[in-house]
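Undergrad: Just passing along the structure, written as structure tokens.
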Amino acid sequence: MPKGQISLRRQLTDRFFTGLAAGLSVIVVCALVAILAYLVLRGAGSLGWSFLTQTPKPVGEAGGGMANSLIGSIMILGIASIFGVPVGIGAGVYLAEYGRNRLGQLVRFTADVLNGVPSIVIGLVAYGLVVVPQRHFSAFAGGVALAIMMVPTVARTTEEMLLLVPHAVREAAFGLGVPQWRTTVSITIPTARAGIITGVMLAFARVAGETAPLMFTAFGNQFWSFSANQPIAALPLQIFTYAITPYDDWHRQAWAGALMLVMLIVGTTTLVRFVFMRRMLGGAR
Amino acid sequence: MLPQATGHAVGSASKKPMGTSESPKISLVTTSQRVPSWQRSFFNTDNAFRGLMLIAALAILGIVGLIISELMQRSGMAWHAFGFHFFFGSEWDPVSGGFGALPFIYGTIVSSLVALVIAVPLAVAVAVFVTEMCPKPLRKPISYATELLAAIPSVIYGLWAVFILVPLLRVYVDPWLMKYFSWTGLFAGPAYGIGMLAAGVVMAIMIIPIISSITREVLVVVPQPQREAALALGATRWEMIRMAVLRNARAGIMGAVILGLGRALGETMAVTMVIGNNPAIAKSLLAPGYTMASVIANEFNEATSDLHRSALIEIGLALFLLTIIVNILAGLLVWTVTRGTPARTNA
């Protein structure tokens, strides 16, 4: 249809809404850029060698760092992965390979419910389950809280990725007389490996920044601790503690910690996106 | 990659011919004397593996069951002390032992609604722009940027909000709102910067990614012929989007919005840092408030009496139930739109 037949009003409306959508998208991208830019501007200056090697100093003393928080975060995340990843992958395998029934539906639904539970509530539950019986805060309790948060994400992505594996591959194995469990372990899971790793890494990145579930479980610590049985520092907790104090020194530390945490998380997700996702899509098609 | 994996399996299968435990026909001969037949048919590796995976799947049910029982059990004391009145009382006085959750429920709902009002237009605009309008090379970077917003942890949004957003609101935005919109009663001073509005703005940024990514999913599902038909009838691009795309995706977009609401209701750290933490019900959005999640975050570790702790856990239980209901509702709405389409075309 020639352009002239569309009335000016309709053309302008079209232009207006195109411009509006573009403008609003620009605002969203700007918000991201603003946040990242401030993180770098405020954090980069304090992110030095001492930040990575020292423990927090008392107010008024210059220097100090978040080395113990970094170790603490790694320990808590390690504990969380030990519990969360096998359960998540196992549940995902069940859903994909055996889950075409009522129970599968129920588990799927429950996993989605669990995914939506606020992290602070998970913290309360881990407090009741681990901290109260143990009678003290511990890295282990923090790990349990984060593990609970990892399970549904890992399970659902594992299921999705296993379902991507063409059924003909399984049938080929069955046809050769390979039992079903062996097919799953040696053929289906390796084929979907890149996708499953992606899911695990994304769940990992998601819980790495969680603060709320650690407040009543890992609790935080100003000193070195390498015990799973003791209160332990964590990067997000330390950022929170520093951010709500009135001291400029500690604010600088908080920014530096935030920059480090974001680099860790964004680094992980970007790596996953560019390395594994591509391989996965290439593998399944 | 695929042929390789299959080849490997063929190799391992031929190396290890079907032995005693794996092939029922052979095992019938060799083990029938030792093992009763019902055991032989039931306790094989296949069933063991299946059982193991089943345990992992049941663990998910177990976790949710534990969450519910744990919250109910530990909030029992507050429930017995206040009953339903707990949710309608507005007094929160840990010292004298009077607990009412209304200010927190109010703060949670109002701050989440503020977040939705700000986030929904932005998120839907991003989704529409990315799927329908923008030039192809821009598509990936923009959706990547919105996904990156989702990867930033809550506490970092809080940090950013405390030092950048709050001063900005206090100096520029709040006075402007008070000058031109004070007649609504929603923007009465004084302007502290911190308050419901600050919490709403920072939550809005946090829920944009989830709303826009699900909206995008829903828009993609709208059949291409619908678009072509509208264009063929002479519609401009916007008219096509409005009539053929948005109208069809209505329920799904609603679901995305409600899912965003569910995320906002449970948001803790960023909100705790900027909402002002004052258990009062104020009409003004510039006034400091308090939310269910942030009162738990602030007071749980300092709670000295069992009743106080129990009351906080009861707030947690209420928050849990609220988010579950909201999420289920959202899931149903999204499902009504995306069902019927094949989950994966290449499966």
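The values are calculated or read from the model by the stated rules, or taken from the named source; none is laboratory data. Keep in mind the model is a prediction, meaning the values are calculated, not measured. Quick reminder, even Gly has a Cβ in these numbers, built from the backbone with ideal geometry, and neighbours come from all protein chains shown.
Undergrad: So the check is Cβ under 6 Å with 6+ separation or different chains; which pairs have a first residue in segment B:212-234 that's among the β-branched types (Val, Ile, Thr) and a second one that's in a loop (DSSP other than H, G, I, E, B) and modelled with pLDDT under 95?
TA: From residues that are among the β-branched types (Val, Ile, Thr), the pairs are B:Val221/B:Thr341.
Undergrad: How many residues, within segment B:295-308, are touching a Phe, Trp or Tyr at 6+ places or on another chain (Cβ under 9 Å) and touching a residue at least 40 places away in the same chain (Cβ under 8 Å)?
TA: Looking only at that region, the number is 3.
Undergrad: Quick check: is even one residue across segment A:192-209 more than 12 Å from chain B (Cβ to nearest Cβ), in a loop (DSSP other than H, G, I, E, B) and aliphatic (A, V, I, L, M)?
TA: Within segment A:192-209 (the criterion being more than 12 Å from chain B (Cβ to nearest Cβ), in a loop (DSSP other than H, G, I, E, B) and aliphatic (A, V, I, L, M)), the answer is no, since none of the residues qualifies.
Undergrad: Residue under question is A:Tyr127, and the condition is that it be without any contact (Cβ under 8 Å) to a residue 24 or more places away in the chain and assigned by TED's automatic domain parsing to the domain that holds A:Leu264; does it hold?
TA: no
Undergrad: Taking the options B:Val126, B:Val120, B:Val114, B:Val95, name whichever one is at the interface with chain A (Cβ under 8 Å from one of its Cβ atoms) and either crowded, with 21+ Cβ neighbours inside 10 Å or outside any helix (DSSP H, G or I) (or both).
TA: Going through B:Val126, B:Val120, B:Val114, B:Val95 in turn, just one is at the interface with chain A (Cβ under 8 Å from one of its Cβ atoms) and either crowded, with 21+ Cβ neighbours inside 10 Å or outside any helix (DSSP H, G or I) (or both): B:Val126.
Undergrad: Moving on. Of all the residues that make up segment A:1-32, how many are of a type in the set (Val, Ile, Thr) and more than 8 Å from chain B (Cβ to nearest Cβ)?
TA: Of the residues in segment A:1-32, 1 are of a type in the set (Val, Ile, Thr) and more than 8 Å from chain B (Cβ to nearest Cβ).
Undergrad: Residues that are touching a Leu at 6+ places or on another chain (Cβ under 7 Å) and within 10 Å of chain B (Cβ to nearest Cβ): does segment A:111-122 have at least one?
TA: Within segment A:111-122, one or more residues are touching a Leu at 6+ places or on another chain (Cβ under 7 Å) and within 10 Å of chain B (Cβ to nearest Cβ).
Undergrad: Would segment A:74-85 turn up any residue that is surrounded by fewer than 22 Cβ atoms within 10 Å (Cβ to Cβ), among the hydroxyl-bearing types (Ser, Thr, Tyr) and over 18 Å from the mean Cα position of the chain (by Cα)?
TA: No: segment A:74-85 contains no residue that is surrounded by fewer than 22 Cβ atoms within 10 Å (Cβ to Cβ), among the hydroxyl-bearing types (Ser, Thr, Tyr) and over 18 Å from the mean Cα position of the chain (by Cα).
Undergrad: A further question follows. Out of the residues in segment A:139-178 that are small (Gly, Ala, Ser) and crowded, with 24+ Cβ neighbours inside 10 Å, which is farthest from the other protein chains (Cβ to nearest Cβ)?
TA: Checking each candidate, the answer is A:Ala139.
Undergrad: Residue under question is A:Leu264, and the condition is that it be of a type outside the set (Asp, Glu) and buried (at least 21 other Cβ atoms within 10 Å of the Cβ); does it hold? If you could, list the steps in order and put the result at the bottom.
TA: Numbers: of a type outside the set (Asp, Glu): yes; buried (at least 21 other Cβ atoms within 10 Å of the Cβ): no.
So A:Leu264 fails the test.
Undergrad: Across segment B:70-106, what is the total count of residues that are β-branched (Val, Ile, Thr) and at pLDDT 90 or above?
TA: Taking segment B:70-106 as the starting set, the residues that turn out to be β-branched (Val, Ile, Thr) are B:95, B:105.
Checking the rest, the ones that are also at pLDDT 90 or above come to B:105.
Number satisfying all stated conditions: 1.
Undergrad: Out of segment B:247-281, which residues are without any contact (Cβ under 8 Å) to a residue 24 or more places away in the chain, on the phi < 0 side of the Ramachandran plot and part of a loop (DSSP other than H, G, I, E, B)?
TA: The one that is without any contact (Cβ under 8 Å) to a residue 24 or more places away in the chain, on the phi < 0 side of the Ramachandran plot and part of a loop (DSSP other than H, G, I, E, B): B:Asn278.
Undergrad: Quick one: count up the residues across segment B:175-200 that are surrounded by 24 or more Cβ atoms within 10 Å (Cβ to Cβ) and hydrophobic (A, V, I, L, M, F, W, C).
TA: The first filter runs over segment B:175-200 and keeps only residues surrounded by 24 or more Cβ atoms within 10 Å (Cβ to Cβ), leaving B:194-200.
Subset that is hydrophobic (A, V, I, L, M, F, W, C): B:194, B:196-199.
Going through segment B:175-200 one residue at a time, the tally reaches 5.
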